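Read the structure below first, then the notes.
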Amino acid sequence: MEHTETRIGIIGFGSLMESLLPCCDSLLQGPREGHIFAVKGSEEGLARKRAQYSFEITAGDPLDMLKRITPQVILFSPPPALAEELTQTVLKHYYDGLRETGAPLPLLICFPPKPLPRFYRQTLGAGISQATLMPCAAQRAGSYDVGRYGYSLISMDGKAMPGQEQLGQLLDFTRPVGTALNVGQDELTAALAGMVTAHNVYELCFTLQNAFSLCGRETSSVQIASQMRFALRQFGPELPSQDKPGLPPCRREEEMGTLYQKITDLVIRAWYEGLCRFAASQRLDLREFGPFLRGTMDVLLMTVQEESREHLERLSAGCATKGGLLERALEMYPQTVGKPLAQWVAEEAAKEQRDAVGEERSWPLELVERAAEVTQAVFERGERIDEGQRQG
């Protein structure tokens, strides 16, 4: 669908919106200049972004930008702590002004997990078109474009659904970030908790790399990630990336040796089953959510194959906002998972009969429980953030 005359207004032009510029390109099917207008909350990084991009980027009043360009699509990406306030002080004034003049209302795509979609409908009034989007966990892995092979979460209020034209805009925008799993707004926090805890595959790879080295087996995180991706394909339907050319390799890493292959397989299987256990406790449909989890982990593991450990650790730390969900997953990991996992690997490696590794599955079964425990803790933090959003 062509949207060559579409204007996009971005409120909050941080790293997330930069990573989603390919989505804007997918929607526009044309030049960015004269069609994308972004407002930052401060002048930090403004000079760098203006030098890097051809479209207008300012720091200041988003309401002024909206009134000046009258966008057909608004991308709303402020810090979660400011989302409610800006909805009430910026978006509401803008929408009220449009109604007074009889102008059409834009498509509103929101990226903070809080507030829930119903808040926008209640605050902005009837007739709005709004969707909350949690994009694919990774858009790029080194030089590879991997976002289209992952999964995103999308949630809408039944009384604020986009019409046919705006639904086309939404579908074109989300094309580069993979399969969109539509979840009810009261399921969004639980689904997001699973998505966030899937990020711990980074830490699982690095824990195994360190533990294998202490056992005398030097194995790269690249090999471990490839082996995990191979294992993911063995316990579910075909993944979006399966048999696609031009992606990082996915194979059984024979050079790791039977012992360490088996340990790696057990660990990724247990982590996946733990996330599924949590999802089942929240009554999420595993027929849809199971593939979502596997696809999310698959894309994240591609980044382990293509990016340095130092880069991924910095990236995780940078994305883990204070009081946020990823921060909770990362702070729980070392003691709840990392330390006992390394100890279990050492015990398995010490066994004389290596063919018996993992037969009892005592710790992998415990890892299932610990994965569910971490996801539950992430969910509970999200519930506290979302408190007060469930009325109406």
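The values are calculated or read from the model by the stated rules, or taken from the named source; none is laboratory data. In this text the structure is predicted, and so the values were computed from the model without any measurement. When we count neighbours, we look across all protein chains shown, and the Cβ atoms used for this are built from the backbone with ideal geometry, even at glycine. Ligands, DNA and RNA are excluded from the accessible area calculation, which covers all protein heavy atoms including side chains. Shrake-Rupley method; radii C 1.70, N 1.55, O 1.52, S 1.80 Å.
Filtered by the rule that a residue be of a type in the set (Val, Ile, Thr) and open to solvent by less than 10 Å² (accessible area, probe 1.4 Å), the stretch 113-136 gives Ile128, Thr132. Only a single criterion out of (1) touching a Phe, Trp or Tyr at 6+ places or on another chain (Cβ under 6 Å); (2) of a type in the set (Phe, Trp, Tyr); (3) closer than 20 Å to Glu306 by Cβ is not satisfied by Phe206, namely (1). With respect to the numbered conditions (1) surrounded by fewer than 21 Cβ atoms within 10 Å (Cβ to Cβ); (2) more than 30 Å from Ser316 (Cα to Cα), which one is the sole condition not fulfilled by Leu91? Looking at each condition in turn, Leu91 falls short on (1). A count restricted to the stretch 244-259 and to residues that are in a loop (DSSP other than H, G, I, E, B), at pLDDT 90 or above and open to solvent by 90 Å² or more (accessible area, probe 1.4 Å) stands at 1.
I'd like to check something: does the stretch 278-286 contain any residue that is aliphatic (A, V, I, L, M), in a helix (DSSP H, G or I), crowded, with 21+ Cβ neighbours inside 10 Å and touching a helix residue (DSSP H, G or I) at 6+ places or on another chain (Cβ under 7 Å)? There is at least one residue in the stretch 278-286 that is aliphatic (A, V, I, L, M), in a helix (DSSP H, G or I), crowded, with 21+ Cβ neighbours inside 10 Å and touching a helix residue (DSSP H, G or I) at 6+ places or on another chain (Cβ under 7 Å).
Being in contact (Cβ under 8 Å) with a residue 24 or more places away in the chain and within 14 Å of Asp298 (Cβ to Cβ) holds for only one residue in Gly194, Gly150, Gly163, and it is Gly150. If the condition is being crowded, with 19+ Cβ neighbours inside 10 Å, under 18 Å from Val201 (Cβ atoms) and modelled with pLDDT of 85 or more, then the stretch 340-372 contributes Leu341, Trp344, Val345, Leu367, Val368, Arg370, Ala371, Ala372. Restricted to helices (runs of 4 or more DSSP H) entirely inside the stretch 13-106, those with at least 3 residues that are of a type in the set (A, V, I, L, M) are 21-28, 46-52, 62-69, 80-86. Checked against (1) touching a helix residue (DSSP H, G or I) at 6+ places or on another chain (Cβ under 8 Å); (2) open to solvent by 10 Å² or more (accessible area, probe 1.4 Å); (3) farther than 25 Å from Thr258 by Cβ, Ser221 meets all criteria but (3). Look at Ile74 and say whether it is within 24 Å of Pro104 (Cβ to Cβ) and touching a Phe, Trp or Tyr at 6+ places or on another chain (Cβ under 7 Å). So Ile74 does not fit the description; no. Picking from residues in the stretch 191-218 that are open to solvent by less than 10 Å² (accessible area, probe 1.4 Å) and among the polar types (S, T, N, Q), the one that is farthest from the chain's Cα centre (by Cα) is Asn200.
Tally the residues that are open to solvent by 40 Å² or more (accessible area, probe 1.4 Å) and either over 17 Å from Cys110 (Cα atoms) or outside any helix (DSSP H, G or I) (or both), restricting the search to the stretch 164-178. Total meeting the criteria: 2.
When each of Thr264, Thr303 is tested for being closer than 29 Å to Glu383 by Cβ, open to solvent by less than 10 Å² (accessible area, probe 1.4 Å) and of a type in the set (S, T, N, Q), the lone residue that passes is Thr303.
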